[in-house]
Amino acid sequence: MRHIKIFDTTLRDGEQSPGVALSVPQKLEIAHGLARMGVDIIEAGFPITSQGDFDCVNRIAREVRGVNICGLARTHKKDIETAARALDVAESWRIHTFTSASDVHLKYMLKKTREEVLEISDEMVRYARTFCDDVEFSAQDVMRADFDYVIQLFNVAIEAGATTINIPDTTGYGTPLEYGRLIARIRDEVVRGRNVAISTHCHDDLGMAVANSLAAVENGATQVECTINGIGERAGNTSLEEIVMALYTRGDYYQAQTKINTKEIYRLSRMVSRHSGMVVQPNKAVVGDNAFAHEAGIHQDGVLKNKETYEIMNAELVGREAGVLVLGKHSGRAAFKKALEDLGYNLANPIADHGLTEESVNVLFARFKDIADRKGAIGSEELRALVETRDHAIPELFRLESIQVLSGTHVVPTATVTLETPQGPKQHASSGDGPVDAAYKAINHLAEVYPSLESYRIEAVTEGGEALGEVSIRARVGEIVYSGNGVSTDIVEASARAWLEVINASLANVGVKKEAITAI
Ligand code: KIV
Ligand code: ZN
């Protein structure tokens with residue numbers, strides 16, 4: 001079996017998804033989760049883009065162990081130096097430098113000739129090698145480039161010292177057979193048995209990213225670049241969970257394997273979905289709500305008799321277990337804590353696990369009791385929502401004590417909110433366009449912080465009328481965007497909790513100012 005390296009770029013290409021902006025604690029938590037899952041390389045960011053990105057890559061490099069940390073850099077000296085400075089505290093690290101291969105990129109973006117790009121690539125790969133022995137070279141848009149030029153460009157990069165060559169189908173234009181053939185040409189005409197890894201990096205514009213990546217593996221690629229839930233520019237990147245499970249389930253065919261602990265997949269998928277605000281479609285392979293649901297009578301009958309009739313992998317394998325655990329209002333703190341541990345939360349490592357500490361377990365236990373009193377039994381999904389909808393590392397300067405709302409068809413919606421504040425309990429009533437708006441105005445008045453709402457999403461944690469409501473929002477204070485989540489049996493209360501998380505995050509300065517560079 002060949003070992004296929006999993007290069008995760010959720011924090012770099014994934015974060016380039018429209019509307020996604022991850023805060024430093026969110027990125028750290030994802031990076032710890034990726035390391036624990038067993039990815040080989042984490043592309044932590046693009047350090048030249050902003051001081052914020054530099055600091056975040058630097059923190060991940062310093063804190064996340066047992067995995068190679070990589071930073072992106074254009075083929076510019078300044079980018080390469082900055083990436084090296086951000087990364088050199090890591091246990092092991094890589095500089096990933098990139099240019100472009102297609103004529104349309106050369107003419108309109110780089111404004112360089114093919115010869116100039118060859119020369120710069122040669123010089124910059126050599127320069128990157130002066131900082132570290134592990135240098136990856138990419139040329140964007142290979143599938144719309146002249147393949148003879150692509151061969152020439154990657155040859156130059158290897159001669160200059162690149163240890164991994166990455167072949168990006170930046171625009172998602174390639175088809176599996178065509179892309180596979182190009183990888184085979186690169187294997188035979190460029191790598192020629194030398195100790196250089198071929199990497200695949202595909203985008204999903206035509207829905208073929210995973211198929212193209214697998215075609216690359218069949219033709220000699222030993223590294224796959226991918227993101228959790230397939231998030232990324234436009235239609236996204238190759239999805240990590242689909243690649244990993246395809247190689248796991250069809251190891252017989254691909255004769256290749258990864259070192260991913262597949263049981264961590266679902267946890268990471270939910271974490272990335274919550275932090276990025278990008279909902280996973282129900283029919284998404286491996287991690288979608290319906291991925292293991294059987295609806296048709298014939299299917300249900302078959303599965304009841306023997307799961308293998310309609311299942312090629314089982315839910316437990318990817319860390320999903322169907323509500324095995326139920327707690328009630330009589331469950332004690334020890335049972336509650338044990339349930340958290342059974343769900344995989346590691347209280348010994350707060351950064352990697354939603355900031356969970358003994359103290360936050362006490363706060364959570366009180367909330368659990370409150371919800372169990374109102375609702376009765378609480379299952380694993382609801383417990384997960386309770387834990388994951390709050391960033392326990394953010395101090396709760398303002399905490400919800402109580403909320404009452406008056407709303408209806410012929411009344412002015414009014415909310416009366418009582419908060420525990422640093423100066424003691426305070427109460428205020430406001431009116432608004434609706435009960436949520438009224439609650440937000442009352443909270444703003446009490447906290448003296450006035451965020452503007454950018455996005456608001458509500459969904460039920462489980463099915464049925466008894467379900468908890470989960471609210472996820474993004475709001476801006478000045479130039480910084482903050483995210484907040486709240487969960488409750490009452491959707492106005494869940495909305496208020498999400499808003500308070502935004503306010504507390506803004507006071508703790510845990511937000512994101514997303515900057516982008518516009519030229520390569
Ligand atoms: O899609 C792409 O070409 C990229 C490169 C920077 C590798 O993301
Ligand atoms: Zn990309």
>> Where the second residue is within 12 Å of ligand 1 (Cβ to nearest atom) and assigned to a helix (DSSP H, G or I) and the first is within 19 Å of I480 (Cβ to Cβ) and lies in the range 8-24, which pairs have Cβ atoms under 8 Å and are six or more apart or on separate chains?
In response: V20/G14; A21/E15; L22/E15
> Could you list, in sequence order, the residues of the range 189-209 that are away from ligand 1 (no atom under 15 Å from the Cβ) and among the aliphatic types (A, V, I, L, M)?
Replying inline: V190, V191, V196
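Yes or no, residue by residue, for (1) closer than 21 Å to V286 by Cβ; (2) under 17 Å from the mean Cα position of the chain (by Cα); (3) crowded, with 18+ Cβ neighbours inside 10 Å:
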| site | (1), (2), (3) |
| --- | --- |
| E189 | no, no, no |
| S199 | no, no, yes |
| A209 | yes, no, yes |
| A215 | yes, no, yes |
| I228 | yes, yes, yes |
| I231 | yes, yes, yes |
| N237 | yes, yes, yes |
| E241 | yes, yes, yes |
> Any residue at all in the range 222-230 that is away from ligand 1 (no atom under 12 Å from the Cβ), free of Cβ contacts under 8 Å to residues at least 60 places away in the same chain and in contact with a Lys or Arg (Cβ under 6 Å, 6 or more places away or on another chain)?
Replying inline: no
> If you go through the range 133-148 one residue at a time, how many are open to solvent by less than 20 Å² (accessible area, probe 1.4 Å) and either touching a residue at least 60 places away in the same chain (Cβ under 8 Å) or touching a helix residue (DSSP H, G or I) at 6+ places or on another chain (Cβ under 6 Å) (or both)?
Replying inline: 7
> Tally time: how many residues in the range 223-247 are away from ligand 2 (no atom under 16 Å from the Cβ) and either in contact with a Gly (Cβ under 9 Å, 6 or more places away or on another chain) or farther than 17 Å from N212 by Cα (or both)?
Replying inline: 2
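State all residues of the range 454-473 that are over 30 Å from V326 (Cα atoms) and free of Cβ contacts under 8 Å to residues at least 40 places away in the same chain; if no residue qualifies, say none. Quick ask: steps written out before the conclusion?
Step one: of the range 454-473, the residues over 30 Å from V326 (Cα atoms) are 454-455.
Hit for the range 454-473 is E454, nothing else.
Tell me the residue from P451, P422 that is in contact (Cβ under 8 Å) with a residue 24 or more places away in the chain and surrounded by fewer than 16 Cβ atoms within 10 Å (Cβ to Cβ), please. First the steps, then the outcome.
Details: P451 fails: surrounded by fewer than 16 Cβ atoms within 10 Å (Cβ to Cβ).
P422 is the lone residue from the list that is in contact (Cβ under 8 Å) with a residue 24 or more places away in the chain and surrounded by fewer than 16 Cβ atoms within 10 Å (Cβ to Cβ).
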> Somewhere in the range 214-229, is a residue more than 23 Å from Q257 (Cβ to Cβ) and either at pLDDT 95 or above or in the same structural domain as V20 (by TED's automatic domain parsing) (or both)?
Replying inline: no
> If you check M124 against the conditions, is it within 16 Å of ligand 2 (Cβ to nearest atom) and under 30 Å from V67 (Cβ atoms)?
Replying inline: no
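Tell me, which residue of the range 158-187 that is open to solvent by 50 Å² or more (accessible area, probe 1.4 Å) and more than 28 Å from the chain's Cα centre (by Cα) is nearest to ligand 1 (Cβ to nearest atom)? Steps first, answer last, please.
Looking only at the range 158-187, we keep the residues that are open to solvent by 50 Å² or more (accessible area, probe 1.4 Å), and these are 159, 173, 175, 177-178, 181, 185, 187.
Within this subset, residues satisfying the condition of being more than 28 Å from the chain's Cα centre (by Cα) are 159, 177-178, 181, 185, 187.
Values: E159: 20, L177: 21, E178: 17, R181: 19, R185: 19, R187: 19 Å.
My answer is E178.
Does the range 137-152 include one or more residues that are among the hydroxyl-bearing types (S, T, Y), in the same structural domain as N237 (by TED's automatic domain parsing) and within 16 Å of ligand 2 (Cβ to nearest atom)? Before the answer, list the steps.
Filtering the range 137-152 for residues among the hydroxyl-bearing types (S, T, Y) gives 138, 149.
In the following step, the residues that additionally are in the same structural domain as N237 (by TED's automatic domain parsing) were identified as 138, 149.
Next cut, within 16 Å of ligand 2 (Cβ to nearest atom) only: 138.
Yes, there is a match, as at least one residue in the range 137-152 is among the hydroxyl-bearing types (S, T, Y), in the same structural domain as N237 (by TED's automatic domain parsing) and within 16 Å of ligand 2 (Cβ to nearest atom).
This table checks each residue for (1) more than 20 Å from the chain's Cα centre (by Cα); (2) surrounded by fewer than 15 Cβ atoms within 10 Å (Cβ to Cβ).
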| position | (1), (2) |
| --- | --- |
| A439 | yes, no |
| E459 | no, yes |
| E466 | yes, yes |
| S495 | yes, no |
> If you go through the range 138-145 one residue at a time, do you hit one that is more than 15 Å from ligand 1 (Cβ to nearest atom) and in contact with a strand residue (DSSP E or B) (Cβ under 9 Å, 6 or more places away or on another chain)?
Replying inline: no
>> Consider the range 46-103. How many of its residues are within 14 Å of ligand 1 (Cβ to nearest atom) and basic (K, R)?
In response: 2
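The values are calculated or read from the model by the stated rules, or taken from the named source; none is laboratory data. This is a predicted model, so every value here is computed, not measured. Every residue, glycine among them, receives a Cβ derived from its backbone with ideal geometry; neighbour counts consider all protein chains shown. The accessibility values were calculated without ligands, DNA or RNA, using every heavy atom of the protein model including side chains. Shrake-Rupley method; radii C 1.70, N 1.55, O 1.52, S 1.80 Å.
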